[in-house]
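**Q** My questions all concern the structure below.
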Amino acid sequence: MTTPHAIDTVTQLEALFGVAGEASLKKEVPYLHPAYQALIAASPFAVLATLGPGGLDASPRGDPPGFVVVQDEKTLLLPERRGNNRIDSLRNIVADPRVALLFLIPGVGETLRVNGRARITVEPELMARLAMQGKLPQCVIEIKVETVFFQCARAIQRSQLWAPLPADAKREVPTPGAILSALTQAAFDGETYDRELPARQRSTLY
């Protein structure tokens, strides 16, 4: 049943928002232009979006700047580091190769959006190329690029994402252990989890 104020057609959307600006159309290209390669080389963090039988998923990826390697103007290489072995993104890629990446650069308002199709590989040469601290990735996600464009800075500006935190800022959200304890009605030992987490993270980064 359609509600009176629902927007459920493209025609309604276009009437609501108007015509796209010229710059917003010209910035999209089907390859990794050198300007876009520079943004990828500067980025230490990206969000990987995938689609599978269970629906959509978005997962963070991070390493030193340039961790996503530009193989050529149509190909990106993303190392898959060790984690919790849920492998949600990888399961999705096996089922549906369509992926999207959102790159962020600390201190920079613009983000970069890349859409394409991915495959998972354990090719020895690529694995060795993307090793970190002497540790091979679990696998490599090879992405064939279809569209690339930068996103304007408004979202970063509105959120003040890169604004420095006050020196006395305190954590105002639950810790991982507190969340696990709450989700399991205290059956999970959250205090021990939080206490051991920093050392565990340091020892298992790679």
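**Q** LEU112 - would you say it is farther than 23 Å from TYR206 by Cα, touching a helix residue (DSSP H, G or I) at 6+ places or on another chain (Cβ under 8 Å) and not acidic (Asp, Glu)? Give the derivation first.
**A** On the way: farther than 23 Å from TYR206 by Cα: yes; touching a helix residue (DSSP H, G or I) at 6+ places or on another chain (Cβ under 8 Å): yes; not acidic (Asp, Glu): yes.
The answer is yes for LEU112.
**Q** Separate question: For segment 188-206, give me the residue count where each residue is free of Cβ contacts under 8 Å to residues at least 24 places away in the same chain and open to solvent by 90 Å² or more (accessible area, probe 1.4 Å).
**A** Initial filter on segment 188-206 (free of Cβ contacts under 8 Å to residues at least 24 places away in the same chain): 188-203.
Filter again for open to solvent by 90 Å² or more (accessible area, probe 1.4 Å), leaving 191, 195-196, 201-202.
Matching residues across segment 188-206 total 5.
**Q** Within segment 85-108, take every residue that is open to solvent by 20 Å² or more (accessible area, probe 1.4 Å) and among the small types (Gly, Ala, Ser) and give me the one that is farthest from VAL69 (Cα to Cα).
**A** The extreme case among them is ALA95.
**Q** Cβ-Cβ under 8 Å, sequence separation 6+ or interchain: first residue in segment 159-185 and in contact (Cβ under 8 Å) with a residue 24 or more places away in the chain and farther than 19 Å from PRO198 by Cβ, partner in a helix (DSSP H, G or I) and of a type in the set (Asp, Glu). Which pairs?
**A** Hits for this filter: zero, empty list.
**Q** Report yes if THR184 is among the polar types (S, T, N, Q), more than 28 Å from GLN37 (Cβ to Cβ) and loosely packed, with under 14 Cβ neighbours inside 10 Å, otherwise no. Break it down into steps so the answer makes sense when it comes.
**A** Values: among the polar types (S, T, N, Q): yes; more than 28 Å from GLN37 (Cβ to Cβ): yes; loosely packed, with under 14 Cβ neighbours inside 10 Å: yes.
In short, yes.
**Q** How about segment 89-164: which strands (runs of 3 or more DSSP E) wholly inside it have at least 2 residues that are in contact with a strand residue (DSSP E or B) (Cβ under 8 Å, 6 or more places away or on another chain) and aromatic (Phe, Trp, Tyr)?
**A** Working: elements: 98-104, 111-121, 139-151.
The qualifying strands (runs of 3 or more DSSP E) are 139-151.
**Q** Given the residues LEU48, LEU78, LEU39, LEU56, which is the only one that is open to solvent by 30 Å² or more (accessible area, probe 1.4 Å) and closer than 18 Å to ALA118 by Cβ?
**A** Numbers: LEU48 fails: open to solvent by 30 Å² or more (accessible area, probe 1.4 Å); LEU78 fails: open to solvent by 30 Å² or more (accessible area, probe 1.4 Å); LEU39 fails: closer than 18 Å to ALA118 by Cβ.
Answer to the check: LEU56.
**Q** Okay, moving on. From the set of residues in segment 9-27 that are open to solvent by less than 90 Å² (accessible area, probe 1.4 Å) and outside any helix (DSSP H, G or I), which is nearest to VAL148 (Cα to Cα)? First the steps, then the outcome.
**A** We begin by selecting, within segment 9-27, every residue open to solvent by less than 90 Å² (accessible area, probe 1.4 Å); these are 9, 12-13, 15, 18, 20-21, 23-24, 27.
The next check asks that each one be outside any helix (DSSP H, G or I); those that pass are 9, 18, 20-21, 27.
Values: THR9: 26, GLY18: 23, ALA20: 17, GLY21: 17, LYS27: 8 Å.
Out of the qualifying residues, it is LYS27.
The values are calculated or read from the model by the stated rules, or taken from the named source; none is laboratory data. The structure displayed is predicted, hence computed values, not measured ones. Here the Cβ is made from the backbone with ideal geometry for all residues, glycine too, and neighbour counts use every protein chain on show. We work out accessible area using only protein heavy atoms, side chains counted, and drop any ligands, DNA or RNA first. Shrake-Rupley method; radii C 1.70, N 1.55, O 1.52, S 1.80 Å.
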